[in-house]
Amino acid sequence: MIYEYRVYEATPGNLPQVVSLMEKAVPFFEKHGMKVIGCWTPDVGESNLRFIYILEFENMAHLETTWQSFKTDPQWRNINAEASNDGPIIAAVYNSILEELPI
């Protein structure tokens with residue numbers, strides 16, 4: 001298994017909208033074969049504008065095909081477009097692909 005660690009940095013004042021959008025995204029992740037390990041917002045740390053989540057995949061090919069399928073889903077594209085009608089709600093996206101170590 002591999003894991004994708006993703007961080008969305010909200011534009012100022014828009015973290016609640018990012019959280020709402022991601023609540024809508026989770027069923028689409030699952031529909032396209034992604035497993036959500038968890039979602040977080042920081043209480044303490046370097047930024048209180050972040051939405052963090054981790055997804056599990058079988059391998060890189062699974063990651064690539066599920067993301068492609070998700071991004072081209074017409075229903076999801078409509079939801080995502082509506083979320084930014086008043087301007088961008090996400091300023092930056094950071095991600096890392098993590099491989100579990102047998103420690």
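The values are calculated or read from the model by the stated rules, or taken from the named source; none is laboratory data. Small disclaimer: the values here were computed from a predicted structure and weren't measured. As a convention, Cβ positions derive from the backbone with ideal geometry for all residues, glycine included, and neighbour counts pool all protein chains shown.
Here are the numbers for the structure shown:
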| item | result |
| --- | --- |
| Matching residues, the range 61-96, being surrounded by 12 or more Cβ atoms within 10 Å (Cβ to Cβ), farther than 16 Å from F29 by Cα and among the hydrophobic types (A, V, I, L, M, F, W, C) | A83, I89, I90, A91 |
| Considering residues of the range 28-57 that are surrounded by 12 or more Cβ atoms within 10 Å (Cβ to Cβ) and aromatic (F, W, Y) only, the residue farthest from P88 (Cα to Cα) | F57 |
| Number of positions in the range 68-94 that are touching a residue at least 12 places away in the same chain (Cβ under 8 Å) and under 19 Å from H32 (Cα atoms) | 7 |
| Index of the failed condition, V36 passing every other in (1) of a type in the set (A, V, I, L, M, F, W, C); (2) part of a loop (DSSP other than H, G, I, E, B); (3) touching a strand residue (DSSP E or B) at 6+ places or on another chain (Cβ under 9 Å) | (2) |
| Selected residue [at pLDDT below 95, part of a loop (DSSP other than H, G, I, E, B), within 15 Å of M1 (Cβ to Cβ) and out of contact with any Leu (no Cβ under 7 Å at 6 or more places or on another chain)] from P42, P102 | P102 |
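Matching residues to (1) without any contact (Cβ under 8 Å) to a residue 12 or more places away in the chain; (2) of a type outside the set (S, T, Y); (3) touching a strand residue (DSSP E or B) at 6+ places or on another chain (Cβ under 8 Å):
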| position | (1), (2), (3) |
| --- | --- |
| M1 | no, yes, yes |
| E4 | no, yes, yes |
| K31 | no, yes, no |
| T41 | no, no, yes |
| N48 | no, yes, no |
| I54 | no, yes, yes |
